[in-house]
Structures are given as structure tokens and as C-alpha cells.
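The values are calculated or read from the model by the stated rules, or taken from the named source; none is laboratory data. Not measured: the values here are computed from a predicted model. Here Cβ is always computed from backbone atoms with ideal geometry, including for glycine, and neighbour counts include all displayed protein chains.
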Amino acid sequence: METTGFTENQMTVREAVATLCAKFPNSYWQEHDQNEQDPKEFHAALAKDGWLGIALPEELGGSGLGISEATMMMQTIAESGAGMAGAQSIHANVYATQPLAKFGSREQREGTIPKIISGEWRTCFGVTEPDTGLDTLRLRTLARKSADGQSYSVTGQKIWITCAQVARKMMLLARTTSLEEVRKPSEGLSLFCIDLDRTSSSSYSPGLDMRKIKKMGGRAVDANEVFFDNYQIPADTLVGTENQGFKIILHGLNAERCLLAGEALGLGYAAVARAARYTCERVVFGRAIGANQGVAHPLADAYMRLEAAKHATYHAARLFDQSQSTTSTTNIRQDAVGVAANSAKYLAAEAAFAACERAVLTHGGMGTPPSTTSSGGCASAWCRGSRLCRRR
């Protein structure tokens, strides 16, 4: 990646996080993916060095930096070889806490955020539902307030909730006024910071159930269906004002989109770099395959797409930070942040997909993962000892 134009803080983050990630080689991530094992050591290492609080207030134990620096952190993690497993193991702790830091009560902020920063607690984002997908305004999980106003009863279902098995807290978006009773769909939503109570390691409190989703890839981090059946939560878990949850959650969703765009960039740059190295090493008909335009040009095109998406991504992150700043003289509208963040996520994802696809094609028959023996070593004689081997 061309790094001209980044701030000193961003480059410091990139260097320091890359140094930490180097302690977790590709073999670590392959083993955790194959064994469906949470990368808790990686999460702990980032927490120990304070990275989980990169974009959270200093008075709560954070670094007081912005989503611009957090996006650089997530890009560096994905680019290191940790990929989406490394990113997903920690990114909700960065973006899901943004609404809590801005709109939460003093008790919520001081009682929750420092424990997330320290790594004692992990959090997850409870938004997506089976029948709504990206149509957040149509979600139907309902939180009914009790007659005495002391609690809410939550009924509904969430899906594709990452790290729910290891999370202590969930940022839950639910309806406090049903869809049929509101004037427009953006009304009637509320945000809660709730406990995912467990009576043991394998069972949950009454009214709460989780079912792990079996995945073909990305298995180092868990994905879940979460079921609520009159699950009781205290009234003081409400974040901000009741029925204003959609406006509040945008501070988390826009941050999420910036971070995910950075993660996509990391995947894309890593793929192009590996493919480019291989084109110099693979010799056919007496010369390296990278000397052929049919190989070199698609990779160059992929790199330029990543560079363009990079500018969109960090533009969105800057707008987000400026919109949150109390000292900025520029008034940044939230809808402008939303347009930039959505655009960045889409462009970066498209660029990363193209880069990864072309990297696989560049490797030809070696573009597929090598088969493994029962002992865990590579079965391919070519793969053993190669610098491209993911087990090195």
C-alpha cells in the first residue's frame, strides 16, 4: 500500500500493530480455523497493549484516538495473515462501544467500557435478524417494558451474531414500539447494553438460547443464532432515549463500515503482495510468469482498485471523526457520514474480492489450499518448504 498522506498517528499504529501481529503466524490462524477455536490469545495480546480502546475516551482507559486510527489497525490485522478471523475477534469491541461511549449513562460507561478495553469482557452486536437482513428498520425483536418500569421483556431472534459464545455483553437493537404502531419505520427502536447471562458454560439464563452456526470457513470465530423468549433485562440497560435507537445505532454502524472497509483493504493488499511474489518465483518457458502481461496487468488493475478504495475508506473515517469532534469548526452531517461509510465498505469489498480472485488465479493449480496429512503437515511435496506455504 502507498502510505503517503497518512498521519503520524496512523503510521505509528500500523507499525506497532504489525509488530504485535507478527507474533501470531499463519500456522496459528490455520490451526484455530481448523479446530474452530477462539483466538483468545490474540484478543488478550491486543487488550494487554491497549488496542481495544484505540477509539474510546482516555478517561475510560482508552487511547482517545479516532476511527481513522482504528481503521488502520483493522487493516493491519487483516493484512498480517490474521484475515477476518483476527479482525472479527476484536472489531465489535471497537465499533459496538461507540454508541455506548457517546450516549450511555455515566454508570453504563464507567461500568462497562473499561472492562471491554482491558479484555475482561467481550461484546457483540445484536442487530441482524433472519427475516430482515440489511433492512434494519424492519426488525421485529420486541422489548416490552414492565408495568412498574423496572425491566424489559425481550422476545425475538438475532442471527449471524459474531462472538456471542464468548461475549459478556451484547449491544442489542430492539423495538420498544412495534412496527405497526409507529408512523415511520425509523421510530420505535431502542438500543440496550445487556448481559448474556450463563448459568454454566453450556447453558443460559431463562429466556436466552444460542445456537452456533456451522460455517465452511472463518471458523476461528463463532457465528450464532440468538433466541430471546421473554428474556428479562433491567430498565437501566437502555442506552440513551427510548425509541431513538436508530439514530443512536448509526454511530456504531458507520464506524463498523469504516473498520470493515479497512479489513477488506488488508485482505486485498495481502493477496496482491503474495501473488506478486509468486509471479517472480514461478518460472515457465524460461522466464518468470510476471513478465507476461496477461499475468501482470490483472494484478496491477487489482492494486489500483485497492488504492482507489483506500482513499474512499479513509475519507469516510475522517468524516466520522470530524462529526464526533467537539473542537471541529466543520459541521459534518450524519447522512454525509453514512454515504461515505457505505460507499467505502462497498468499494473496498469489491476491490478485495477482485484482488483475492486474481491472486488465486495467478497461483494456478497452487491457488487452492494444500491438502494436509493426519499429523497436520502439508502433504504436497511442492508445498513443504515453500515460502508460500501457509504452515510456515
Step by step: first the residues of segment 70-88, then only those that are touching a Cys at 6+ places or on another chain (Cβ under 7 Å) and among the small types (Gly, Ala, Ser), then the one that is surrounded by the most Cβ atoms within 10 Å (Cβ to Cβ). Which residue is that?
Ala82
Would you point out the residue of segment 161-182, among those that are within 16 Å of Val239 (Cα to Cα) and among the aliphatic types (A, V, I, L, M), that is surrounded by the most Cβ atoms within 10 Å (Cβ to Cβ)?
Leu172
Only one of these conditions is not met by Pro185: (1) crowded, with 16+ Cβ neighbours inside 10 Å; (2) in contact with a helix residue (DSSP H, G or I) (Cβ under 7 Å, 6 or more places away or on another chain); (3) modelled with pLDDT under 95. Which number is it?
(1)
Taking segment 280-305 and keeping only residues that are in a strand (DSSP E or B), of a type outside the set (Gly, Ala, Ser) and touching an Asp or Glu at 6+ places or on another chain (Cβ under 9 Å), one is left with none
Exactly one condition in (1) surrounded by 18 or more Cβ atoms within 10 Å (Cβ to Cβ); (2) in contact with a helix residue (DSSP H, G or I) (Cβ under 7 Å, 6 or more places away or on another chain); (3) within 26 Å of His91 (Cα to Cα); (4) aliphatic (A, V, I, L, M) is false for Ile289; which is it?
(3)
Would you check if Gly149 is assigned to a loop (DSSP other than H, G, I, E, B), out of contact with any Pro (no Cβ under 8 Å at 6 or more places or on another chain), exposed (fewer than 15 other Cβ atoms within 10 Å of the Cβ) and touching a residue at least 40 places away in the same chain (Cβ under 8 Å)?
yes
Looking at (1) among the aromatic types (Phe, Trp, Tyr); (2) part of a loop (DSSP other than H, G, I, E, B); (3) modelled with pLDDT of 95 or more, which is the one condition that is false for Phe320?
(2)
Which count do you get for residues in segment 19-52 that are of a type in the set (Val, Ile, Thr) and surrounded by 13 or more Cβ atoms within 10 Å (Cβ to Cβ)?
0
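To keep it simple, each residue is scored yes or no on (1) touching a residue at least 40 places away in the same chain (Cβ under 8 Å); (2) more than 30 Å from Glu187 (Cα to Cα); (3) of a type in the set (D, E, K, R).
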position: Ala45; (1), (2), (3): no, yes, no
position: Ser63; (1), (2), (3): no, yes, no
position: Met73; (1), (2), (3): yes, yes, no
position: Ser80; (1), (2), (3): yes, yes, no
position: Ser89; (1), (2), (3): yes, yes, no
position: Gln98; (1), (2), (3): yes, no, no
position: Glu107; (1), (2), (3): yes, no, yes
position: Thr123; (1), (2), (3): yes, no, no
position: Ala143; (1), (2), (3): yes, no, no
Evaluate the following for Arg277: is it basic (Lys, Arg), surrounded by fewer than 22 Cβ atoms within 10 Å (Cβ to Cβ), assigned to a helix (DSSP H, G or I) and within 31 Å of the chain's Cα centre (by Cα)?
yes
Does segment 208-228 hold any residues that are in contact with a Ser or Thr (Cβ under 6 Å, 6 or more places away or on another chain) and either surrounded by fewer than 20 Cβ atoms within 10 Å (Cβ to Cβ) or without any contact (Cβ under 8 Å) to a residue 12 or more places away in the chain (or both), and which are they?
Ala223
Residues being assigned to a strand (DSSP E or B) and surrounded by fewer than 16 Cβ atoms within 10 Å (Cβ to Cβ) - total across segment 234-255
1
Of all residues in segment 321-357, which are of a type in the set (S, T, N, Q) and either surrounded by 22 or more Cβ atoms within 10 Å (Cβ to Cβ) or in contact with a helix residue (DSSP H, G or I) (Cβ under 9 Å, 6 or more places away or on another chain) (or both)?
Gln322, Ser323, Gln324, Ser328, Thr330, Asn331, Gln334, Asn342, Ser343
Could you tell me which numbered condition Phe24 fails, if it satisfies all but one of (1) in a helix (DSSP H, G or I); (2) in contact with a Pro (Cβ under 8 Å, 6 or more places away or on another chain)?
(1)
Does Tyr231 satisfy the condition of being among the hydroxyl-bearing types (Ser, Thr, Tyr), in a helix (DSSP H, G or I) and in contact (Cβ under 8 Å) with a residue 12 or more places away in the chain?
no
Quick check: anything in segment 116-128 closer than 16 Å to Ala223 by Cα, more than 16 Å from the chain's Cα centre (by Cα) and polar (S, T, N, Q)?
no
Mind checking which pairs have a first residue in segment 7-29 that is β-branched (Val, Ile, Thr) and a second that is part of a helix (DSSP H, G or I), Cβ under 6 Å, 6 or more apart or different chains?
Val13/Glu69; Val13/Met72; Val13/Met73; Val17/Met73; Val17/Thr76
Kindly establish whether Arg183 is without any contact (Cβ under 8 Å) to a residue 40 or more places away in the chain and part of a loop (DSSP other than H, G, I, E, B).
yes
